[in-house]
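Below is one structure; the comments refer to it alone.
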Amino acid sequence: QWERPVVTSADFGTSRTDTLASLAFSPDGRTLAYQRGSAGTYDLWLSPASGGTPVRLSTAPTPGGGRTWRDAPTWSPDGEWIAYVENDIEGRGMVVKSSVGTSGRVELMLAPFMFSRPAWSPDGQWIAAQNDDGLVRIPADGGKPELITAAPILGVTWRPDGKRLVALTESETPGHFAMIEIVAANGDSRFLNADLGSIPIANQPIRGFSLLTEQGFLTSLA
């Protein structure tokens, strides 16, 4: 029953803020990364969790020009990098990582699935994301993506060992979704919950999917 603003539209002065979304706390809990929508441009910003002046994560221009779309930030375990999805105005996109506090920027994978929400593994070695082939893991230092599973994925998070993932996927019941655990190295999977009910009708029915230690999972339904 206690709350306080971390960031509000007033932190951006006279510049209009349309949306604030896709929140991701840094591993030490001191910084919040998020997407800000303003005048048709969607970019990633950082704010101190205690409140303070927002800082844009990357000032690099969007590939192909046009308005910026950056979304779905995920932090490296050491808090030095943030990976995210970037698209230009024509919908061409990539998974990128940017160094926090510097101009360092690395393009990791072309053509991710439009609503992919990358997830950095706890051991720091991999970034899980989606492309047209399915769920893949990308070497965090750069390299060819490895297919994990072709199953349709609505949301994914890593187990603490960095070897397994837990994902929301389509259930065997049409129109419903289920929770599965996947071995990253070979794609072997098993049901944790075979039917979680109806999938909400939305472009992004699931936004955010996190493991709370070993106690349970936190997500949102549109």
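The values are calculated or read from the model by the stated rules, or taken from the named source; none is laboratory data. All values derive from a computational prediction rather than experimental measurement. When we count neighbours, we look across all protein chains shown, and the Cβ atoms used for this are built from the backbone with ideal geometry, even at glycine. All accessible areas refer to the heavy atoms of the entire protein, side chains included, with ligands and DNA or RNA removed. Shrake-Rupley method; radii C 1.70, N 1.55, O 1.52, S 1.80 Å.
Spelling out what I want: for every residue of the stretch 44-51, take phi, set θ = phi - 60°, compute 6.51 cos²θ - 1.76 cosθ + 1.60 (Karplus), and round to whole Hz; glycine and proline get x.
9, 10, 10, 9, x, 4, 7, x
So how far apart, in nm, are the two label points at Val106 and Gln125 if each is 7 Å from Cα heading toward Cβ?
If labels sit at Val106 and Gln125, their model points lie 1.5 nm apart.
Using the beta-carbon distance between Phe25 and Arg92 and R0 = 30 Å, what value does 1/(1 + (r/R0)^6) give for FRET efficiency, to the nearest 0.05? Provide the component values of the computation, followed by the final result.
Working: r = 30 Å, r/R0 = 0.99.
Result of the calculation: an efficiency of 0.50.
What residue among Gly13, Gly208, Gly52 has the largest mean-square fluctuation in a Gaussian network model of the chain, using Cα springs under 10 Å?
Comparing Gly13, Gly208, Gly52 in the GNM, the peak value goes to Gly13.
With a ≥ b ≥ c the root eigenvalues of the C-alpha gyration tensor of the stretch 120-173, is it rounded (a/c under 1.5), prolate (a/b larger than b/c) or oblate? Please report the intermediate quantities before stating the final value.
Details: a/c = 2.93, a/b = 1.42, b/c = 2.07.
The shape class here is oblate.
What FRET efficiency comes out for the pair Ser210/Thr59, r = Cβ-Cβ distance, R0 = 30 Å, nearest 0.05? Provide the component values of the computation, followed by the final result.
On the way: r = 29 Å, r/R0 = 0.96.
For Ser210 and Thr59, the calculated efficiency is 0.55.
Would you please give the residues with an amide H less than 5 Å from that of Asn131, counting only those at least 5 places away or on a separate chain, with H modeled from the backbone geometry?
Under 5 Å from the amide H of Asn131 lie the amide H atoms of Phe113, Val136, each far enough along the sequence or on another chain.
Please tell me the relative contact order of the chain in percent, rounded to the nearest whole number, where contacts are Cα pairs under 8 Å and at least six residues apart. List each step's numbers first, then the result.
Details: 530 pairs, mean separation 21.3, N = 222.
The value is 10 percent.
Can you give the longest run of the chain that contains no trypsin sites (Lys or Arg not before Pro) sitting in a DSSP loop with at most 16 other Cβ atoms inside 10 Å?
Working: sites that count: Arg16, Arg30, Arg67, Arg92, Lys163.
Longest stretch, sites excluded: 93-162.
Could you tell me which of rounded, prolate or oblate describes the stretch 84-125, using a ≥ b ≥ c as the square roots of the eigenvalues of the alpha-carbon gyration tensor, with rounded for a/c under 1.5 and, failing that, prolate when a/b is larger than b/c and oblate otherwise? Kindly include the intermediate steps, with their values, before the conclusion.
Numbers: a/c = 2.51, a/b = 1.34, b/c = 1.87.
Oblate, because a/c is 1.5 or more while a/b does not exceed b/c.
Sort out for me the Cα centre separation of the stretch 1-43 from the stretch 144-176, rounded to whole Å.
28 Å
Short version: ³J(HN,Hα) in whole Hz for each residue of the stretch 97-107, in order, from phi by Karplus 6.51 cos²θ - 1.76 cosθ + 1.60 (θ = phi - 60°), x for Gly and Pro, what are they?
10, 10, 6, 6, x, 9, 9, x, 8, 10, 8
Tally up the carbon and sulfur contribution to the accessible surface of the chain as a whole percent, 1.4 Å probe, everything protein left in place.
Details: 6030 of 11700 Å².
After summing per-atom areas, the C and S share lands at 52 percent.
Taking amide H positions as placed 1.01 Å from N in the peptide plane, with prolines and chain starts having none, which residues 5 or more places from Ala184, or on another chain, fall under 5 Å of its amide H?
Arg164, Leu165
So what is the accessible area of the chain per residue, in Å², with the probe set to 1.4 Å?
Dividing the accessible area of the chain by its residue count gives 53 Å².
Percent relative contact order of the stretch 35-149, based on C-alpha pairs within less than 8 angstrom and at least six residues apart? Could you put the intermediate results ahead of the total?
Numbers: 255 pairs, mean separation 18.4, N = 115.
Worked out over the stretch 35-149, it gives 16 percent.
Could you tell me whether the stretch 68-222 comes out rounded, prolate or oblate from its Cα gyration tensor? Rule is a ≥ b ≥ c as square roots of the eigenvalues, rounded for a/c under 1.5, then prolate if a/b exceeds b/c, otherwise oblate. Each step should come with its number before you reach the end.
Values: a/c = 1.71, a/b = 1.38, b/c = 1.24.
Since a/c reaches 1.5 and a/b is larger than b/c, the shape of the stretch 68-222 is classed as prolate.
Under 5 Å between amide hydrogens, which residues at least 5 positions from Ser58 or on another chain qualify, with H placed 1.01 Å from N in the peptide plane?
Leu44
Distance in nm between label sites at Glu181 and Glu3, each 7 Å beyond Cα in the beta-carbon direction?
Placing both labels 7 Å along Cα→Cβ, they lie 3.4 nm apart.
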